[in-house]
1. Give me the aspartates and glutamates in straight-line cross-link reach of residue 147: C-alpha distance below 17 Å, same-chain residues under 8 apart excluded.
2. Would you please give the residues with an amide H less than 5 Å from that of residue 136, counting only those at least 5 places away or on a separate chain, with H modeled from the backbone geometry?
3. For the chain, what is the accessible area per residue in Å² when the probe is 1.4 Å?
4. Which value in deg cm²/dmol, rounded to the nearest 500, describes the helix-derived mean residue ellipticity at 222 nm for the chain, given -39,500 (n - 2.57) per DSSP H run of n ≥ 4 and division by the residue count?
5. Kirkwood hydrodynamic radius for the chain: how many Å is it when counted over pairs of different Cα atoms?
6. Report the Cα centroid-to-centroid distance between region 31-63 and region 152-166 in angstrom, as an integer.
7. Would you mind classifying region 101-180 by shape? Square roots of the alpha carbon gyration tensor eigenvalues, ordered a ≥ b ≥ c; an a/c under 1.5 is rounded, otherwise it is prolate if a/b is larger than b/c and oblate if not.
8. Note down the magnitude of the dipole of the chain about its Cα centre, charges +1 on Lys and Arg C-beta and -1 on Asp and Glu C-beta and zero elsewhere, to the nearest 20 debye.
Amino acid sequence: MGCGGVLAAIFEITRMFNLYTRLCAFIARTCLKVGVAGMVLLVFAVLYQVIGRYIFNDTPTWAESGAVLLVLYVTMLGMAVGVRDAGHIGLESFLVLAPEWLRLKLEILIHVLVLIFGVVMAWNCGVLAESVMDYKIPTLGISEAFKYVPPAVAGLLVSLFSIEHIIALVRGTEVEPAWH
């Protein structure tokens, strides 16, 4: 492969990474928008529950279960975006003390461990969702599997976002937060 072929390959890899980054940013922004919509629905569900309980003395049966389910969706999507945007709690204070050559390796190791965590979380929550698929949440009339979908999706997203961070570290770049 000549010099032109190597440059073309590097250009193609860069283009693919840029496309992957744009896809991850789009997914993260979509998760944020869905999370905001979920928060609005959560406020209305709790408000409806409080009004039903204290004003009409008739608590709607679905409001509490629906609110709990909404909390799961909102927090899991927010957690995944927090991983991408580096908004999670980290041990950066220890990393700044390390020499540059070690810091990069430790940052990559951290993202590999987060990637593994995301894969394990997605897999096991998928297994749990499948195992309870036939059971219903009595107050909502939907499958119990809906409780395990948010962490399964979040695990998948955490994995995708960790891969993005690893590639960015290897390239010497940073991942732009989704909310910019």
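The values are calculated or read from the model by the stated rules, or taken from the named source; none is laboratory data. Worth saying up front: this structure is predicted, and the values here are computed from it rather than measured. Virtual Cβ from ideal backbone geometry, glycine too; neighbours counted across all protein chains shown. We work out accessible area using only protein heavy atoms, side chains counted, and drop any ligands, DNA or RNA first. Shrake-Rupley method; radii C 1.70, N 1.55, O 1.52, S 1.80 Å.
1. Once the sequence-local aspartates and glutamates are set aside, what remains near residue 147 is 64, 130, 134.
2. So residue 136 has HN proximity to 144.
3. 65 Å²
4. -27000 deg cm²/dmol
5. Every distinct Cα pair counted, the radius reaches 18.9 Å.
6. Cα centroid of region 31-63 versus Cα centroid of region 152-166: 30 Å apart.
7. It comes out prolate by the Cα gyration axes.
8. The dipole magnitude comes to about 200 debye.
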